[in-house]
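Let me begin by presenting the structure, written as structure tokens, before commenting on it.
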Amino acid sequence: MGEFRVHRVRFFNYVPSGIRCVAYNNQSNRLAVSRTDGTVEIYNLSANYFQEKFFPGHESRTTEALCWAKGQRLFSAGLNGEIIEYDLQALNIKYSMDAFGGPIWSMTASPSGSQLLIGCEDGSVKLFQITSDKIQFERNFDRQKSRILSLSWHPSGTHIAAGSIDYISVFDVKSGSATHKMIVDRRYMGVSKRKCIIWGVTFLSDGTVISVDSAGKVQFWDSATGTLVKSHLIANADVQSIAVSDQEDSFVVGTAEGTVFHFQLVSVTSNSNEKQWVRTKPFQHHTHDVRAVAHSPTALISGGTDTHLVIRPLMEKVEVKNYDAALRKITFPHRRLISCSKKRHLLLFQFAHHLELWRLGSTVATGKNGDILPLSKNADHLLQLKTKGPENIICSSISPCGSWIACSTASRFFLYRLSYERDSISLQRVPKMPAFLRSALQILFSEDSTKLFVASNQGSLHIIQLSEGCFKHLHTFQPQSETVEAMCLLAVSPDGNWLAASGTSAGVRIYGLKELKPHCTVPAYNFPVTALGIAPNTNNLVIAHSDQQVFEYSIPDKQYTEWSRAIQKQGFHHLWLQRDTPITHISFHPKRPMHILLHDAYMFCIIDKSLPLPNDKTLLYNPLSLTNESDVIRRRTAHAFKISKKYKPLLFMELLDERTLVAVERPLDDIIAQLPPPIKKKKFGT
Amino acid sequence: MVEEESLRVVRCGGSELNFRRAVFSADSKYIFCVSGDFVKVYSTATEECVHILHGHSDLVTGLQLNPSNHLQLYSCSFDGTIKLWDYIDGILIKTFTVGHKLHALFTLAHTKDSVFVTINKEKPDIFQLVSVKLPKSSSQEIEAKETAFVLDYINQSPKCIAFGNEGEYVAAVRDFYLSVYFFKKKTTSRFTLSSSRNRKHAKNNFTCVACHPKEDCIASGHKDGKIRLWRNFDDDKKYTYTCLHWHHDMVMDLAFSVTGTSLLSGGRESVLVEWRDATEKNKEFLPRLGATIEHISVSPAGDLFCTSHSDNKIIVIHRNLEASAVIQGLVKDKNIFTGLIIDPRTRALVLNGKPGHLQFYSLQSDKQLYNLDIVQQEYISDNDLIQIELRKAAFGCQGHWLATVEQRQEKETELELQMKLWAYNKKTQGFVLNTKVSMPHEDHITALCFCNAEKFENPTLVTASKDGHFKVWILTDDSDIYKKAVGWTCDFVGSYHKYQATNCCFSEDGSLLAVSFEEIVTIWDSETWELKCTFCQRAGKIRYLCFGRWTCSKYLLGATENDILCCWNLLSCALFVFKPSEPRPLYIQKKISREEVHWGVFVPRDVPESFTSEAYQWLNRSQFYFLTKSQSLLTFSAKSPEEKLTPTSKQLLAEESLPTTPFYFILGRHRQQQDEKLNDALGNELVQLPLTENIPAISELLHTPAHVLPSASFLCSMFINSLLLSKETKSAEEIPDDVDMEEEKGSDDTDEENDFTEKAQDTNDIDLGEDIIHQLSKSEEKELRKLRKVDYSWVTTL
């Protein structure tokens, strides 16, 4: 594996924002997640829970509701009173439309998917018709006294239930009038001081309405008579979310204490048809409020203020005990937030609304393996770049020479020139960016920092020539087919001849930069690409997919390399395929062409192509004790995958020079420390 | 009295009441519990033992009501039989011989002709649940060999098996498995909990199981304190469970209420938890039950619960979670450091009870009289904690004083010792702490001994310790300007060549004190505390030391560590040594018990027996009780078993018809009178009645059939006398009391037996009379004679 000096960076003060809504789409098996900063992320549950798309947030656009309608169309509504539809191809907002009801608290699509219902601050429930390219207001329902916090359709589409403060209303869709008003008991542990907020309602096909409220109750109502059937007190704090399965045989609720409860419909006795709802298992995977839950056919999905997205599979629904049956906890975005200037030892950190530039510390001391070297010069916070406007930063990059910084929001592109004079640093914004560089999904500098590659959300790739203080547009690769698909990942060969780009679903395209022509397309693969890298000298493109497969494709030969075929033939080690997080970065050692360096959030791996591949019987993760064994044993047990799990959660790892690595960690404890304190619970024995 | 018979070992109490779940009768009037080889029937209202069902020859392991006749009770035992009882009359109806050792018994309402038992067939740890067909036959002894296998790999404890939903399925748990057998489908489903060694799942073991009476729901208790409610268990894949977690330690038992709306659970916290609607937030507690809840049972009528506790106690609890009755047996402690002591006042057996307590246990009624908290500190039940142990106790001055020694040793060098002296308070009828001495010695106290001679004005206590000293403590005046008080102080410290003092003993008249120092016995004059002489016999370290009594008071007996009994003649300073095997013991009984015998004690008889044969004469004046390893109390009895039974059952039939105890009426009237008296004479001291149960005269009166009683006018004075408090100056009250009783008893018996008694008494007097009379003061002697005169007069008229 070789020895490296590692810069262990822990000053990346990144805190993901909390999850507000979760919407599961059964047709495409995709999950939409909205966060409190307005970001909407799309996870592909079939592709190993890979976060394949995201829409950057906006300060004024806090989403309160998220839903799928008409198959694959995604809508969100928020406290700014607007309904937004997202364009899932181009990764931008299709349109936004004011509902004229004040802040929107809830939204739900009709069972047929053709209508959209929203609940507003002023107590109105509005019905919208979804047309092929827009939505159209249809009518208002009877106005209620206070805000409508939750809505649910009866599966037949004839009735709706609306949760408000202290009561639940049942509406007849045809007439638009309220047929029942069910008053909720305000009492909370015997005290009836506070109002009881209905955080969620669900209408079942047998007419039962299930409500969850701020008094910690899950209640079952008969909508025909408007009476309470059963009440479960499950928490000492609010129950904030509810989701029911399609078969209506189980549902899940999330509480402010961080517990998720599963309820199941079980028969009372084996030989009777009578069934009852029973609270079965509690899951405590969150430390903070569970703001949103979803129920996929095989899993319970929950997310909340503690920023984790937790996917808990239902064991009884899982057919085979494979890796899908394991609990998933997704905390960090599946994309890079850090870029690095190798020459000047600079790190650029991307936050939601600003960038930070740090210079790494240095040391003169030497030591043996495992030593912690004292710093002779501490890490330096060089500058903090704040973007103007409410929009979040989509992507950013620093050039390898360290003299250019580029970043982009949804509507603006920024390019800065940095000049260094001894210890001081000066920053100059490059003015007059061309109009076509409005928003970028990915920015990349070439190895010699003379070229800038920008992947725009229209599917086009722009190549810009950079020189002292000015820039020149060289070329634009237009998308080949009519389908406008945004490119999310870019890689350039170190010699500057080849550019590889990949979108969210289609294969990887390779462009020749000398001729400025498309070179070839790597054969399509079922799973999305998570990282790209082009090796120096050989110009082999290494592609990592979300199902943990790694391919090596020779660009000059336009075919997969021998090594790639060999490993596909033998198959990867089962432990390798069972890893949780996708590979987010691939790099190469300049002096050792046989080595591929890659990492995910929990491990760092060097693949040595000269060594034999591991089979399922060999140990994948080398235990440390083997380093003490004799050389013979080491050589016999050595295999191509050298894995280090020392640094985790690992957000970024890059080779600075032949003997130096930089690793950026973000310990989960540091994130939790920055979150608001959770609800205090008495713990036995403390 | 009784024809000479061979002595038998008789179990006389102290056995576990909490060995199995107690069972309620259908009308909740009675509660049945196993007690060693017997089944005891208690009244739930009065806590009185109504019947003792004798018949099994080994431990009774299961009780169930007969589902087809709720006035009958099935019991099973290790002796391989199932017996059917009529519990109202206490009659054995039938005996079914199964042949295997039976570990548990279950009955079902719809399978009336068969019952379910747990047996182990081949290997010692493999148990099976089988159904046994009970053949219909009119004979009393029936063979029931027809068994059908139901389930295997089960736990032997009946807590781990439960029948559900009117016998449609049976659930059994063991280790990490829950097995459910469906009788209709004849299939077994097995559910496994993860048993990995990580912290979270390490204590997933099942401990008990219960089935919902109406729904398909199984509740299981676990070692980590969780309760799981299993549903959908007829589907191997879709089964699901809910967790209820309140207990921090193992769930000992679970029970559903009759309607199934609530679930009861208990464990080491000694809190009964009622989970209503099986929801975690809706629970009620009955705390401070005193000891670990071992079993919970529910009455079929649904109005009562009962919990069995590890301190051999059964608490009957109302549906609204209010304890209504407590049935307390002999408390089992891990170690009986104090040995068996007899309280001279109540004749109760005194020994270690609950941690830090001394229990007073009535041998006659097999019932705990009361608990004395010696340590007076909150007991925290934790296995790792080193507790304060009550090591020694001794009564002195006819029960006026009680000395206790407690110790706590964390490390070799850190010894905490405390000696407490308790005075008997007549008003409160209990012991009150008088003096507390911390660190009376530097090292462990090995012996504690009061001087019990009557002539001694000053109570004297001697403690011997491993630190090489013995200390003499005397009662001195501790009065100050505020109050009159007495307290104990150290009077003398003696030692002998830095040897460890191992035991001490006063001679009967209190004039000599013998202290053994390892292998040497020293004799001290108790007046001057002078060393009189030493006996040195290198026969090993002396463990026990005892002076002879009455005619043998010149002898000193010592028992050494290597099984040698030494006897010194104090007058001639001669030594006799015997090995227990060689000399001529009076009586040897082999195989007295299945277990090791740990302690023994002679209890003075209220009524001397009259064994003429030489071999049994040692039992004349006292009865020998001994305690085995499992803490069942055994004794020797010469009576035939039938005879032993009859008086109790006769007496209990009378009681059973009364809803409240007979004592209640007497006591209630008496109290009223006393209250009036008090109101009249305010200046008088408040006098409280001694416990009625402890006065033999009353119980004798009440338990004797009316037709053999002398006339009421005659009995009246005696009865009133017995209720009166004797004055404290009367130190010799024991003797007249004894005589009293003898006479009474004599009157009860038939004529021919009467002669016998007299004869026996005469012989006794001839044997011992001289010695006693020497020690009696004149006034006492006079009194004794007077009593004798009075009493004999009416006997002769009969």
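Taking square-rooted eigenvalues a ≥ b ≥ c of the alpha carbon gyration tensor, is the range A:290-409 rounded, prolate or oblate, where a/c under 1.5 means rounded and, failing that, a/b exceeding b/c means prolate? Here the range A:290-409 falls in the oblate category. Here the 3J(HN,Hα) profile of the range A:23-40, calculated from phi with Karplus coefficients 6.51, -1.76 and 1.60 at θ = phi - 60°, is 10, 9, 10, 5, 5, 9, 6, 10, 10, 9, 10, 10, 10, 5, 8, x, 5, 10 Hz, Gly and Pro shown as x. Close amide H contacts of residue A:459 (hydrogens built in the peptide plane, cut-off under 5 Å, sequence separation of 5 or more or a different chain): A:487. Applying the criteria of a DSSP loop state and at most 16 other Cβ atoms within 10 Å to the GluC sites (Glu not before Pro) of the range B:305-403 yields B:322, B:378.
Subtracting the Cα-Cα distance of residue A:186 and residue A:354 from their residue separation scaled by 0.36 nm leaves 56.1 nm.
Cβ crowding within 10 Å ranks B:134, B:321 as B:321, B:134, fewest other Cβ atoms first.
When the pairs B:123/B:332; B:367/B:426; A:617/A:642; B:226/B:281 are compared against a 19 Å limit on Cα-Cα distance, B:123/B:332; B:367/B:426 fall above it. Of the trypsin sites (Lys or Arg not before Pro) found in the range B:329-416, the ones in coil according to DSSP and having at most 14 other Cβ atoms within 10 Å of their Cβ are B:334, B:411.
The ellipsoid equivalent to the alpha-carbon distribution of the range B:233-327 has semi-axes of 24, 15, 12 angstrom, derived from the gyration tensor eigenvalues as √(5λ) and listed largest first. Work out, in µm²/s and without decimals, the Stokes-Einstein translational diffusion coefficient of chain A at 4 °C, 1.567 mPa s, Rh from Kirkwood over C-alpha pairs. After rounding, the answer is 48 µm²/s.
Residues A:397, A:610 in ascending order of nearby Cβ atoms (within 10 Å, fewest first): A:610, A:397. For residue B:134, nonlocal amide neighbours, meaning residues 5 or more places apart or on other chains whose placed amide H falls under 5 Å from its own, are B:114, B:115. Each residue, residue A:95 and residue A:421, gets one label point 7 Å from its Cα in the Cβ direction; the gap between the two is 5.4 nm. With 29 Å as the limit, the listed pairs B:40/B:334; A:134/A:181; B:411/B:436; A:682/B:203; A:53/A:609 have A:134/A:181; A:53/A:609 beyond it between alpha carbons. How many angstrom lie between the C-alpha centres of the range A:517-572 and the range A:52-120? Each part's Cα centre sits 38 Å from the other's. Sequentially through the range A:123-134, phi angles give Karplus couplings (6.51, -1.76, 1.60; θ = phi - 60°) of x, 9, 10, 10, 10, 10, 9, 8, 9, 5, 10, 8 Hz, Gly and Pro residues having no value and appearing as x. As a rough footprinting exposure proxy, the listed residues A:336, A:666 were ranked by other beta carbons within 10 Å of their own, and the order from fewest upward is A:336, A:666. Residues whose amide H lies under 5 Å from that of residue A:546, counting only those 5 or more places away or on a different chain, are A:530; hydrogens are built 1.01 Å from N in the peptide plane. Working from label points 7 Å from Cα in the Cα-to-Cβ sense, the residue B:176 to residue A:525 distance is 3.8 nm. For the residue pairs B:83/B:112; A:126/A:230; A:281/A:329, the alpha carbons lie more than 23 Å apart in A:126/A:230. Per residue of peptide B:110-121, the mean number of Cβ atoms on other chains within 10 Å of the residue Cβ is 0.
Of the trypsin sites (Lys or Arg not before Pro) found in the range A:344-428, those in coil by DSSP whose Cβ has at most 14 other Cβ atoms within 10 Å are A:368, A:388, A:422.
Every number in this text was worked out from the coordinates using simple rules, so none of it is lab data. This one's a predicted model, so the numbers in the text were calculated from it and none came from an experiment. Virtual Cβ from ideal backbone geometry, glycine too; neighbours counted across all protein chains shown.
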